[in-house]
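The values are calculated or read from the model by the stated rules, or taken from the named source; none is laboratory data. Not measured: the values here are computed from a predicted model. Heads up, the Cβs are rebuilt from the backbone with ideal geometry, glycines too, and the neighbour counts pull from every protein chain shown.
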Amino acid sequence: MIKNALLIFMLAAGTAVMAQNGKPTTGVKTTGTVKTAVATKPVPPVLKNQADSVSYAVGISVANFYKQQGITKLNTSLISRAINDILGGKKPLMDDATANQTMNDYMNRAQAEKSKPAIEAGEKFLVKNKTKAGVVTTGSGLQYEVLTEGTGAQPAATDSVTCHYKGTLLDGTVFDNSYDRGAPITFYLSGVIRGWTEGVQLMKEGAKYRFYIPYQLAYGPNDYGPIPGGSMLTFDVELLKVIKTPAN
């Protein structure tokens, strides 16, 4: 889940600040107006000097970051000791490798616990949904139903495709919608979530399918932008064009 938890910890202050300034996307790039940053006047020290103010501000940012991750049971005295040891050049109680593994293990367990309700709700839905007329379940667990049959080319995993789509969470929340943006997207079929790679290969140009994608074939147990970890996703996908990859 976390490639370098120590680096994440040190960058948490910056991440928490950025999180207040904008919402993450689901990975689909869109064009828009670029806002120019407006220069602001320096903030005077809130505490007795600038160093104290910055120190407290760093603590707020780090605490907010981990609170957002659902990690609140931390020994703040030991956090302070570790910072003092590193900044003071003292030998820490554990080396970087051990600290990194400890952080990874803790955050993975915390995320697994956080995503458990979403996983259970998705699995319950899929068990019931597979009995619905018109719903087909593949060997991987992907479920789909054909809304409109297509008659054109059928893609392979190595091809690119152009699609319109709408993605929703189990509670009906729409987290991404190319129709609302007024523009379909073109992408390599091998470069998206596994549920899309498998599902779109079943389609022909002109087809529209509804996919019910288990979390294992979507974004897994971790949060991804507006998508909570462990979420089963529903996508309405319209295959507009297949762009065949030339044979070598």
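The sole residue among Ala97, Ala112 that is in a helix (DSSP H, G or I), within 30 Å of Gly70 (Cα to Cα) and in contact (Cβ under 8 Å) with a residue 60 or more places away in the chain is Ala112.
Count of the range 36-83 residues, restricted to those that are modelled with pLDDT of 90 or more, part of a loop (DSSP other than H, G, I, E, B) and closer than 26 Å to Pro226 by Cα, is 0. Note on the range 69-102: residues that are surrounded by 13 or more Cβ atoms within 10 Å (Cβ to Cβ), in contact with a Leu (Cβ under 8 Å, 6 or more places away or on another chain) and over 18 Å from Gly59 (Cβ atoms) total 2. The residue list Thr148, Thr162 contains one member that is loosely packed, with under 15 Cβ neighbours inside 10 Å and under 24 Å from Gly206 (Cβ atoms), which is Thr148.
As a summary of the residue check, Lys208 satisfies the conditions (1) within 15 Å of the chain's Cα centre (by Cα); (2) touching a residue at least 60 places away in the same chain (Cβ under 8 Å) except for the one numbered (1). Residues being in contact with an Asp or Glu (Cβ under 7 Å, 6 or more places away or on another chain), in contact (Cβ under 8 Å) with a residue 60 or more places away in the chain and crowded, with 19+ Cβ neighbours inside 10 Å are entirely absent from the range 171-184.
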